[in-house]
1. When the residues of the stretch 1-34 are filtered to those that are part of a loop (DSSP other than H, G, I, E, B) and at pLDDT 95 or above, which remaining residue is least open to solvent (accessible area, probe 1.4 Å)?
2. Go through the stretch 35-55 and report how many residues are over 15 Å from Glu16 (Cβ atoms), of a type in the set (S, T, N, Q) and open to solvent by less than 80 Å² (accessible area, probe 1.4 Å).
3. Are there any pairs, at least 6 apart or on different chains, whose C-beta atoms fall under 7 Å, with the first in the stretch 56-67 and under 20 Å from Gln18 (Cβ atoms) and basic (Lys, Arg) and the second part of a helix (DSSP H, G or I) and open to solvent by less than 100 Å² (accessible area, probe 1.4 Å), and if so, which?
4. If a residue has to be under 22 Å from Ile55 (Cα atoms) and not hydrophobic (A, V, I, L, M, F, W, C) to count, how many in the stretch 14-42 make the cut?
5. Sort out which residues of the stretch 9-45 are among the acidic types (Asp, Glu) and more than 29 Å from Arg60 (Cα to Cα), and write them in order of number.
Amino acid sequence: MSKKDFIAMLSIALKETQETGYWLRLMKESDFLTLAVFNSIHPNIIEIIKIRTSIFKTSRNKISEIQ
């Protein structure tokens, strides 16, 4: 896998995580999930988004430095 492919896959993973957060919020708003269940899951999604964003930015910057 090339470095550009890796960056592209990271980007997709980040978008998928953000979409998961969207669906969780939607399920909470529609009362499909209780607030307690939402509150037990949502902080984990936020943390994963932060981690993936950091990895994506660092990787993208390193590739920019090389080129």
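1. Within the stretch 1-34, the match that is least open to solvent (accessible area, probe 1.4 Å) is Leu33.
2. 2
3. Taking only residues 6 or more apart or on different chains, the pairs are Arg60/Ile7.
4. Just the residues of the stretch 14-42 that are under 22 Å from Ile55 (Cα atoms), to begin with: 14-22, 41-42.
Next, only the ones that are not hydrophobic (A, V, I, L, M, F, W, C) stay: 15-22, 42.
Residues meeting the conditions: 9.
5. Pass one, the stretch 9-45, residues among the acidic types (Asp, Glu): 16, 19, 29, 31.
Of everything in the stretch 9-45, those that are among the acidic types (Asp, Glu) and more than 29 Å from Arg60 (Cα to Cα) turn out to be Glu29, Asp31.
The values are calculated or read from the model by the stated rules, or taken from the named source; none is laboratory data. Please read all numbers here as calculations on a predicted model, not as lab measurements. Glycine gets a Cβ as well: all are built from the backbone with ideal geometry, and neighbour counts include every protein chain shown. Surface accessibility is based on the protein's heavy atoms, side chains included, excluding ligands, DNA and RNA. Shrake-Rupley method; radii C 1.70, N 1.55, O 1.52, S 1.80 Å.
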